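Comments concern the structure below.
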Amino acid sequence: MVRFGQLVMGPAGSGKSTYCTELSRHCEDMHRTVHVVNLDPAAESFAYPVAIDVRELISVDDVTEELRLGPNGGLVFCMEYLLDNLDWLDEKISDYLDDEYLVFDLPGQIELYTHFPVMRRLTRWLTLEMEFRLCAVYLLDSQFMVDSSKFFGGALSALSAMVQLEIPHVNVLSKMDLAAGVNQERLEEFLYPDIQSLIADLNENMGPTYVRLNQVCLLVIRIPPPSSPP
């Protein structure tokens, strides 16, 4: 039977665990059954009930201590170890009914979505072997929406994850309470940006060496204007 779930992604500190916590509370209030799966071997604590915890299999602290790897190298090792032991995750997931919704709280290191095929392999296993219908939820700190260079980097990282995973993808702005003092017109400029204005802003704050690079990369993340109301 087909299962359903979502992969919660985003840069470190973007609010993934907070999102999972609030989603869990909301579903509980709505009398919906949701289980949060922690797949971040470097996680320290949670405000939500953890249904499955990858740290029972392997943790970054153990790896860095025994193999003397750095934090990033240790995290990559842990995720590759998980891929080599998917029978463990299969057994854990099988404890839940097919109609129960699973939310996967993932690590934030961008290398896992760009430089290594870790997340692509995990996603394909979940969709093909475990028959999950998944949606990717990519969180971006709202502070990315008030600076051209940060917006540029955030949009490209989200696009990279979307291309790699090849599943339905939703971008979510987090920490909007921190953007309360930001001019709303400024936020609108980044929600539906004018590409030429964005290029001009970047070129004004960067050296001439990057002019052509800015033009090419921003065309990659071109965002269509909002549709007209019916």
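The values are calculated or read from the model by the stated rules, or taken from the named source; none is laboratory data. All values derive from a computational prediction rather than experimental measurement. All Cβ positions, glycine included, derive from the backbone under ideal geometry; neighbour counts span all protein chains shown. These area figures cover heavy atoms from the full protein model, side chains too; ligands, DNA and RNA do not enter into them. Shrake-Rupley method; radii C 1.70, N 1.55, O 1.52, S 1.80 Å.
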Output yes when any residue across the stretch 26-36 is in contact (Cβ under 8 Å) with a residue 60 or more places away in the chain, on the phi > 0 side of the Ramachandran plot and either of a type outside the set (F, W, Y) or open to solvent by 80 Å² or more (accessible area, probe 1.4 Å) (or both), and no when none is. no
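What are the residues in the stretch 65-81 that are closer than 23 Å to V37 by Cβ and either at pLDDT 90 or above or of a type in the set (A, V, I, L, M, F, W, C) (or both), if any? Steps first, answer last, please.
Looking only at the stretch 65-81, we keep the residues that are closer than 23 Å to V37 by Cβ, and these are 71-72, 74-81.
Once the filter is applied, which keeps residues that are closer than 23 Å to V37 by Cβ and either at pLDDT 90 or above or of a type in the set (A, V, I, L, M, F, W, C) (or both), the stretch 65-81 yields G74, L75, V76, F77, C78, M79, E80, Y81.
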Condition check: open to solvent by 10 Å² or more (accessible area, probe 1.4 Å) and either under 26 Å from G154 (Cα atoms) or in contact (Cβ under 8 Å) with a residue 12 or more places away in the chain (or both). Does V103 satisfy that? no
Expected single match for buried (at least 19 other Cβ atoms within 10 Å of the Cβ) and among the polar types (S, T, N, Q) among S197, S148, S160 is S148
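Checking the conditions here, which among L191, L140 is within 26 Å of E22 (Cβ to Cβ) and at pLDDT 80 or above? So that I can check it myself, show each step before the final result.
Numbers: L191 fails: at pLDDT 80 or above.
Criteria check complete, one pass: L140.
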Counting only residues in the stretch 201-217 that are over 10 Å from S149 (Cα atoms) and aliphatic (A, V, I, L, M), the one surrounded by the most Cβ atoms within 10 Å (Cβ to Cβ) is identified as V211
Applying the selection to the stretch 51-100, what residues are within 25 Å of G10 (Cβ to Cβ), open to solvent by less than 80 Å² (accessible area, probe 1.4 Å) and hydroxyl-bearing (S, T, Y)? S59, T64, Y96
Please go through (1) crowded, with 21+ Cβ neighbours inside 10 Å; (2) at pLDDT 90 or above for R120 and return the number of the only condition it doesn't satisfy. (1)
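Select from the stretch 1-26 the residues that are among the β-branched types (V, I, T) and either within 12 Å of C135 (Cβ to Cβ) or outside any helix (DSSP H, G or I) (or both) and list them in ascending order. Spell out the reasoning first.
Initial filter on the stretch 1-26 (among the β-branched types (V, I, T)): 2, 8, 18, 21.
V2, V8, listed by residue number.
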Conditions (1) within 12 Å of the chain's Cα centre (by Cα); (2) of a type outside the set (S, T, Y); (3) buried (at least 22 other Cβ atoms within 10 Å of the Cβ) -> D141 fails only (3)
